[in-house]
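Here is the structure we will look at.
What follows is calculated from the coordinates using simple rules that are stated; it is not laboratory data. In this text, all values refer to a predicted model and were calculated from it rather than measured experimentally. Neighbour counts run over all protein chains shown; Cβ positions are idealised from the backbone, glycine included.
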Amino acid sequence: MSAERHNWTKEEILEIYNQPMMDLLFRAANVHREFHDPNTVQVSTLLSIKTGGCPEDCGYCPQAARYHTDIEGNDLMTVSHVKAQALRAKASGSSRVCMGAAWRNVKDGPEFDQVLEMVRTINKLDMEVCCTLGMLTENQAQRLAEAGLYAYNHNLDTSEDYYKDVISTRAFEDRLKTIDNVRKSNVTVCSGGIIGMGEKLEDRAGMLVALATLNPQPESVPINALVAVEGTPMEDMEPVPIWDMIRMVATTRIVMPKTQVRLSAGRTNMSREGQALCFFAGANSIFAGDKLLTTPNPDVNEDMEMFKLLGLKPQQAFVKAPQPKTVEQEESVLQPLGEKPKWTRPGHKIERNEEAKAKARRS
Ligand code: SAM
Ligand code: DTB
Ligand code: SF4
């Protein structure tokens, strides 16, 4: 029986990652079957509730204002628009809606109040609600919990070492702090990262160490393959080989046996056979819908065809954790604190991010 372990080392994880493929697949599939129904996959729909114009410099991200990518930015969506999209998602088989905002961090005020109303509205549709809004204080996490939030997504993205080559406007410790703030509430933690950003295998293992040594481990771990978007500093990155994705998913499954491993961005470049191997290796969750936040994703009908072909069933809502209760705004005991937390601004320079910025200025 595999137990959840919190003392994984980078060396152990590298050894798992690098073992012969057939051994890795066999071990991962066994762990997967101990803890999960191998024929069930959780399906989430992403909704970009506030797109573009972000002040951060995450080197992979098309929503960073400084890179001048071709995306159409917009203001915060209305609650009624969000409700209509959630109903569509539910009708197409999603059990969870994940709302993303291109923010560095959450600020108390009318926009956050509007997000809280979105959370209440979707929870009342009996769907799991997830948000990814950037950095969060403990009070903000509690207020989201009270509104009925099921999960909060905040990715470590890569190892602590490589993080400094990807993002200069906030630090790895800030990410851990937000995860800790979420953990103190009743909201489940969703945290993972991206492969294909030029990192070494040691960095992939380093990221998994950082996630697997959290106690408890995150309830959900998204593994994204970089979507290289024109205009970002990572526009010329080579696509991730499918075998790397399979190895990463399998290793994540082994070191975090109970977590929901999410096969996230990058599926448009993966064949059905490749995705099937990822499911065999322990992936048991996907993002559905023809758009992620700003980039393409397979069409829902294509995914449902794949599910049929593989005999996979979408997971019902709230089978892994009970539905949170929504506290109405008038009954809330929690007040916004209007905090101005001191999130780190490391201020180091990343050459390729500077070059992308300069290129955008010239064009
Ligand atoms: N602004 C918030 C934040 O950074 O936490 C939430 C939104 S952000 C877009 C959510 C996550 O999407 C990032 O942490 C990153 O892992 C993933 N992501 C963004 N751009 C990506 C890309 N081009 N390819 C793959 N994953 C990407
Ligand atoms: C996650 O790990 N991947 C999703 C979700 N969490 C928010 C986002 C992927 C974004 C891919 C790039 C885009 O569409 O903008
Ligand atoms: Fe902003 Fe999030 Fe994109 Fe970074 S990943 S630039 S914080 S939207």
Checklist entry - What does the highest-first list of 17-28, 170-181 look like by mean Cβ count within 10 Å? => result 170-181, 17-28
Checklist entry - Taking every DSSP beta bridge that has both residues in the chain, what percent is antiparallel when rounded to the nearest 5? => result 5
Checklist entry - What is the magnitude of the charge dipole of the chain about its Cα centre, with +1 placed on the Cβ of each Lys and Arg, -1 on the Cβ of each Asp and Glu, and no other charges, expressed in debye to the nearest 20? => result 380
Next on the checklist: Projecting each Cα onto the charge dipole of the stretch 133-256 (Lys/Arg +1, Asp/Glu -1 at the beta carbon, about the Cα centre), which of PRO241, ASN139, HIS154 comes out farthest on the positive side?
Outcome noted: ASN139
Next on the checklist: For a Förster distance of 35 Å, can you work out the FRET efficiency between the beta-carbons of ASP299 and LYS124, rounded to the nearest 0.05?
Outcome noted: 0.80
Checklist outcome for this item: Beyond 28 Å (Cα-Cα) in this structure, taken from LYS90/LYS342; LYS90/LYS308; LYS10/LYS308, we find LYS90/LYS342; LYS10/LYS308
Checklist entry - In units of 2.2 N^0.38 Å, what is the alpha-carbon radius of gyration of the chain? => result 0.94
Checklist outcome for this item: Those cysteines in the chain that have no second cysteine Cβ within a distance under 4.7 Å are CYS54, CYS131, CYS190, CYS278
Checklist entry - Roughly speaking, what % of Cα-Cα pairs in the stretch 1-123 are separated by over 18 Å, rounded to a whole number? => result 69
Checklist entry - How big is the gap, in Å, between the Cα center of the stretch 275-315 and the Cα center of the stretch 44-116? => result 21
Item to check | Mean Cβ neighbour count within 10 Å, used as a protection proxy, ranking 183-196, 288-301, 213-226 highest first | outcome: 183-196, 213-226, 288-301
Item to check | Relative packing of peptides 272-278, 136-142 - highest average C-beta neighbours within 10 Å first | outcome: 136-142, 272-278
Checklist entry - What ranking of ASP203, ASP244 emerges when the number of other C-beta atoms within 10 Å of each C-beta is taken as an exposure proxy, fewest first? => result ASP244, ASP203
Checklist outcome for this item: Expected unfolding gain across GLU230-THR213 under the 0.36 nm per residue rule, minus the alpha-carbon gap, is 2.6 nm
Checklist entry - Rg and Dmax of the stretch 81-166, Cα atoms, in Å? => result 14.2, 43
Checklist entry - Once all Cα-Cα distances of the stretch 208-341 are split into 10 Å bins that start at 0, what whole-number percent is in each one? => result 10, 32, 31, 18, 8, 0
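Expressed in nm to one decimal, what extension gain is obtained for the pair GLU72 and GLU330 from 0.36 nm per residue of sequence separation less their Cα-Cα distance?
Between GLU72 and GLU330, full extension yields an extra 89.3 nm.
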